[in-house]
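The structure appears right after this line, and notes come after that.
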Amino acid sequence: MTFAEGARLVLVRLVLVRHAMPVIDPETPAELWHLGPEGRAAARAMAPLIVGSAAHFVSSSEPKALETLREIAPHAPIETDDRFAEVRRPRAWTDGDTYRAAARAYIEAGPPADGWEPRDEVIARFDAAVARHAAAAAASGATLVIGTHGLVLTRWLASRVELRPSPADFWASLRFPDMIELDPRRTSVRRLC
């Protein structure tokens, strides 16, 4: 991936990791959810996709994203950056269908539900964090591996490349966990698992 840093260009391999399935607790805000045994096992199964290459790991500070990277790379240092957190939205619990409908509307650039973080702010914060960490990864010749979340990952990618058949369908197809590589020419993405 190429990023402008001052007057120079930074080229780095970029891998985005959507967190593994957390233990869902309607009484706890989603940003505080942790992985259970199944989510941890699913994340560990992805380790071979990263192991063997130098990697610079950075994660959202949300437990489910950080724990996913810790399972993938248990001995690697992992930085956290709040700018990789999920799209901010109201904390009220809704059923899965209601949430998915609101999320699809958000991804499709329709009118966002009340209280959802503005899309341009989401893209700007994520982009600034990627640029900062890409420079650090490039300095050490490492792959930049980001532990993050489905909505924010999709909104940011949709601002960079064409997601087919649509950004909302791309989001709906993401798995728990999932690993996406952004082509260094910034023209396409590919699923690594």
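Taken together, the values in this text are just the output of simple stated rules run on the coordinates, not laboratory data. Bear in mind that the values here come from a model prediction, so they are computed numbers and not experimental data. Neighbour counts run over all protein chains shown; Cβ positions are idealised from the backbone, glycine included.
Figure legend: label point modelled 7 angstrom from the Cα of CYS193 along Cα→Cβ; residues of region 45-64 with amide N under 13 Å from it are 45-51.
Within region 158-181, what residues put their amide N at less than 16 Å from the label point 7 Å along the Cα-to-Cβ vector of ALA109? Under 16 Å, as judged by backbone N against the label point of ALA109, lie 158-171 of region 158-181. Close amide H partners of GLU86, meaning residues 5 or more places away or on another chain with modelled amide H under 5 Å apart, do not exist here.
For the chain, a Kirkwood radius taken over Cα pairs fed into Stokes-Einstein (37 °C, viscosity 0.692 mPa s) yields D = 195 µm²/s.
Separation of region 28-51 from region 128-184 is 17 Å, based on Cα centroids.
With both labels modelled 7 Å from their Cα along Cα-to-Cβ, the GLU162 to THR98 distance reads 3.8 nm. Pairs of Cα atoms nearer than 8 Å and 6+ residues apart set the relative contact order; for region 36-193 it is 27 percent. Going from the residue with the fewest nearby Cβ atoms within 10 Å to the one with the most, TRP156, TRP116 rank TRP116, TRP156. Phi-derived couplings, Karplus 6.51 cos²θ - 1.76 cosθ + 1.60 at θ = phi - 60°, listed residue by residue for region 122-129: 4, 5, 5, 5, 5, 4, 4, 5 Hz, with x used for Gly and Pro. Estimated purely from DSSP H runs of n ≥ 4, each contributing -39500 (n - 2.57), the mean residue ellipticity at 222 nm for the chain is -11000 deg cm²/dmol once divided by its residues.
Neighbour counts of C-beta atoms inside 10 Å place ARG13, ARG164 in the sequence ARG164, ARG13, starting with the fewest.
Per-peptide packing, taken as the mean over residues of other Cβ atoms within 10 Å, places 31-38, 91-98 in the sequence 31-38, 91-98 from highest down. The phi torsions of region 156-161, fed into the Karplus equation with coefficients 6.51, -1.76 and 1.60 and a -60° offset, translate into couplings of 5, 4, 4, 7, 10, 9 Hz, rounded to whole numbers, with Gly and Pro shown as x. Using modelled amide H (1.01 Å from N, peptide plane; none on Pro or chain starts), what sits under 5 Å from the amide H of LEU35, excluding residues fewer than 5 places away? Amide H neighbours of LEU35: VAL23. Under a 5 Å amide H cut-off, with hydrogens placed 1.01 Å from N, SER59 pairs with GLU79, THR80, ASP81, GLY147 among residues at least 5 apart or on other chains.
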